[in-house]
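Notes follow the structure.
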Amino acid sequence: MEQPVSIPIKSLQHTGIPVRDIRRSVLFYEKLGFRNVMEAGFEIEMRPGTCIMMERASVLIELYELPEPERSDAARRNDGHIDHIAFDVDDIDYCFQVLKDAGFTVLEPAPVFLRFWKSGCKYFNITGPDGERLEFNQIIP
């Protein structure tokens with residue numbers, strides 16, 4: 001068996017869930033005791049989407065509503081799904097280089113900056129053997 005890569009994963013950071021109606025989903029998770037701790041817009045091909053982080057104790061769920069037509073494609077599913085799991089890391093650039101050098105399939109050419117949280121965050125994704133997405137995320141202090 002190959003040696004595991006040495007990257008400092010601190011914890012599971014969040015689970016990302018694409019939703020059809022973000023306000024309806026926020027209300028649902030609020031009923032379960034979660035609260036909105038971050039809300040930000042994003043764009044895909046110049047079309048707006050919305051991301052909301054819902055938190056309860058140490059559990060963080062990322063709800064995001066895609067812009068059309070991606071949202072319509074997701075609406076065709078009869079069951080929900082989890083899009084990705086994210087790991088919290090302190091040094092995104094280091095983790096990116098270690099995983100790339102180790103031969104993992106990295107989906108982005110470099111860590112991506114988002115204007116999420118107070119000062120932003122940087123992330124990148126790798127794929128697992130069955131196509132699952134694993135995100136590595138650093139919230140910028």
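The values are calculated or read from the model by the stated rules, or taken from the named source; none is laboratory data. Given the structure is predicted, the values throughout are model-derived calculations rather than measurements. Cβ placement follows ideal geometry from the backbone for every residue including glycine, while neighbour counts extend to all protein chains displayed.
Data table
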quantity: Selection status of residue 25, farther than 15 Å from residue 114 by Cβ, over 14 Å from the mean Cα position of the chain (by Cα) and crowded, with 16+ Cβ neighbours inside 10 Å; calculated: yes
quantity: Residue that is farthest from residue 124 (Cα to Cα) [pool: residues in segment 1-22 that are of a type in the set (D, E, K, R) and surrounded by fewer than 12 Cβ atoms within 10 Å (Cβ to Cβ)]; calculated: 2
quantity: Candidates 63, 32, filtered to the one that is within 24 Å of residue 136 (Cβ to Cβ) and either in contact (Cβ under 8 Å) with a residue 24 or more places away in the chain or among the β-branched types (Val, Ile, Thr) (or both); calculated: 63
quantity: Pairs where the first residue, in segment 103-121, is touching a residue at least 12 places away in the same chain (Cβ under 8 Å) and over 18 Å from residue 13 (Cβ atoms) and the second is exposed (fewer than 12 other Cβ atoms within 10 Å of the Cβ) and not aromatic (Phe, Trp, Tyr), C-beta under 7 Å, 6+ apart; calculated: none
quantity: Per-region count, segment 35-44, residues under 20 Å from residue 67 (Cα atoms) and either surrounded by 13 or more Cβ atoms within 10 Å (Cβ to Cβ) or in contact (Cβ under 8 Å) with a residue 12 or more places away in the chain (or both); calculated: 6
quantity: 1 or more residues of a type in the set (S, T, N, Q) and modelled with pLDDT of 85 or more: qualifying strands (runs of 3 or more DSSP E) within segment 59-141; calculated: 121-127, 133-139
